[in-house]
1. Keeping to the stretch 117-132, report how many residues are surrounded by fewer than 17 Cβ atoms within 10 Å (Cβ to Cβ) and of a type in the set (A, V, I, L, M).
2. Criterion first (within 21 Å of the chain's Cα centre (by Cα) and surrounded by 13 or more Cβ atoms within 10 Å (Cβ to Cβ)) does residue 169 satisfy it?
3. What are the pairs with Cβ atoms under 9 angstrom where one residue, in the stretch 40-57, is at positive phi and free of Cβ contacts under 8 Å to residues at least 40 places away in the same chain and the other, located anywhere, is part of a strand (DSSP E or B) and open to solvent by 50 Å² or more (accessible area, probe 1.4 Å)? Sequence gap at least six, or different chains.
4. Being open to solvent by 40 Å² or more (accessible area, probe 1.4 Å), under 24 Å from residue 186 (Cβ atoms), without any contact (Cβ under 8 Å) to a residue 60 or more places away in the chain and part of a strand (DSSP E or B): is that true of residue 68 here?
5. Consider only pairs whose beta carbons are under 7 Å apart and that are at least six residues apart or on different chains; among these, list those whose first residue lies in the stretch 108-122 and is in contact (Cβ under 8 Å) with a residue 40 or more places away in the chain and whose second residue is aromatic (Phe, Trp, Tyr).
6. Residues of the stretch 66-90 being out of contact with any Lys or Arg (no Cβ under 7 Å at 6 or more places or on another chain), farther than 25 Å from residue 141 by Cα and not aliphatic (A, V, I, L, M), which ones?
7. What number goes with the only condition from (1) closer than 25 Å to residue 27 by Cβ; (2) touching an Asp or Glu at 6+ places or on another chain (Cβ under 8 Å) that residue 87 does not pass?
8. Give just the number: which of (1) touching a Gly at 6+ places or on another chain (Cβ under 9 Å); (2) assigned to a loop (DSSP other than H, G, I, E, B); (3) of a type in the set (Phe, Trp, Tyr) does residue 58 not satisfy?
Amino acid sequence: INGVIHRVSNDTVFVSMGKTEGILAATEQVPGEKYIMNSRIKVYIMDVKKTTKGPQVYLSRSHPGLVKRLFELEVPEIQDGIVEIKSISREAGSRTKMAVYTADENVDPVGACVGMNGARVNAIVNELRGEKIDIINWNENPALLIENALSPAKVIAVLADPEDKTAKVVVPDYQLSLAIGKEGQNARLAARLTGYKIDIKSETQAKDA
């Protein structure tokens, strides 16, 4: 939802949304984001509680739901139900991974979300002030989903155990740091996106093991 910042008190930002005011608590803000008085802001409504003073609206800028809603607004194929967001994982202010799916063979779900020359995804990146967004194809096969989720890293093999929700992944030696990501972020987001605990090894480590 769109709002206007009309008050900042301590670490709490108060957002005017027409007749109601929403609270953007410090815990729901994005690290490093500046909140300037009277500037427009897009926020995600997490909760509404009834109080003696009327409804209290709790907002978020860091919730994965914000990214989902922004794509729903930006991508007509999502609005029309042709493309579905299957899963999303986010480290606010840094990176989001999103898995998309369509049953329509004539539609490229990733391409629809990216847009012509990246126009759609770039509009969302700008709204999120530079947060990186990886969009991947959803797959019912967990091994293929995990391979896609570790993008942009290349994967040699995935052994997924659907019962334990664990997976062993082998990547080329030169791709190990990319697959794990800075401070483990790529692997962490891929694990959250897929619901699998992912153990990544380089080809050399896998052979030694």
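The values are calculated or read from the model by the stated rules, or taken from the named source; none is laboratory data. For clarity, every value in this text was computed on a predicted model and none was experimentally measured. All Cβ positions, even for glycine, are placed from backbone atoms using ideal geometry, and neighbour counts span all protein chains on display. Areas reflect the complete protein model, heavy atoms only, side chains present, ligands, DNA and RNA absent. Shrake-Rupley method; radii C 1.70, N 1.55, O 1.52, S 1.80 Å.
1. 3
2. Working: within 21 Å of the chain's Cα centre (by Cα): no; surrounded by 13 or more Cβ atoms within 10 Å (Cβ to Cβ): yes.
No, not satisfied.
3. 54/20
4. Numbers: open to solvent by 40 Å² or more (accessible area, probe 1.4 Å): yes; under 24 Å from residue 186 (Cβ atoms): yes; without any contact (Cβ under 8 Å) to a residue 60 or more places away in the chain: yes; part of a strand (DSSP E or B): no.
The answer is no for residue 68.
5. 113/71
6. Across the stretch 66-90, the qualifying residues are 69, 72, 76, 79, 80.
7. Looking at each condition in turn, residue 87 falls short on (2).
8. Unmet condition: (2).
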